[in-house]
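The values are calculated or read from the model by the stated rules, or taken from the named source; none is laboratory data. These numbers were taken from a predicted model, which means no experiment stands behind them. When we count neighbours, we look across all protein chains shown, and the Cβ atoms used for this are built from the backbone with ideal geometry, even at glycine. Side chains are part of the model used for accessible areas, which takes the heavy atoms of the whole protein and leaves out ligands, DNA and RNA. Shrake-Rupley method; radii C 1.70, N 1.55, O 1.52, S 1.80 Å.
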Amino acid sequence: MSTLKPSRRALLIGSASAWFAAHYVDIVSAQNHVQASGADRGFAFFTPEQAAEVEAMAAQIIPTDATPGAREARVIQFIDRALVTFDSGNQSAYSDGLKELASQTAQRFAGKTKFSALSGPQQVELLTAIEETSFFNLVRTHTITGFFAAPAHGGNHDKVGWELVGYNDSLDHSPPFGYYDALPESQR
């Protein structure tokens, strides 16, 4: 009987393969959703009004300036898809958070009920006031993730996030890729 332990690489490949097999249907569903017809494909979780509110928040978190921001990256598509697939447990956090956002908007700005209708400085003022809330942190996390995630997941449209940080996704790299890869197999 052999007592050889599998290498870390073999364990990693086995684990990744098992995860992929277990989530294959969800992965294909998410990819098909993303590849549907452009911006008019609608939303799976958000109403158009809710999407406008979250998109306005995302646009303040990663604003458009000399480079594309969250709107151009279509981060809202990533967040919407996340909430009906791998992060569906946060649906109520968004529903409750958007109600509280509307309440805060009405309290702070007379006659205003929608965050998306506020001026840029007013939006920043309100986001600064709620930046310690779990809802804001969730939106910020989803915004950043959607901005840099693989475009197949709904955000990072036209790879604007990757372009911003100089990421080359061609996979045309020369070994060694890092210290671990430069080690002989026997030392891994």
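Solvent-accessible surface of the stretch 41-164, averaged per residue with a 1.4 angstrom probe and all protein chains in place: 48 square angstrom.
Out of the total accessible area of the stretch 44-95 (probe 1.4 Å, heavy atoms of protein only), what percent is carbon and sulfur?
Working: 1070 of 2110 Å².
Ligands and nucleic acids excluded, carbon and sulfur give 51 percent.
Site pair residue 117 and residue 21 shows an inter-label distance of 5.4 nm when each label is modelled 7 Å from Cα along Cα→Cβ. Modelled spin labels at residue 125 and residue 44, positioned 7 Å past Cα toward Cβ, are 3.8 nm from each other.
At the residue level, residue 49 shows approximately 110 square angstrom of accessible surface with a 1.4 angstrom probe and all protein chains present.
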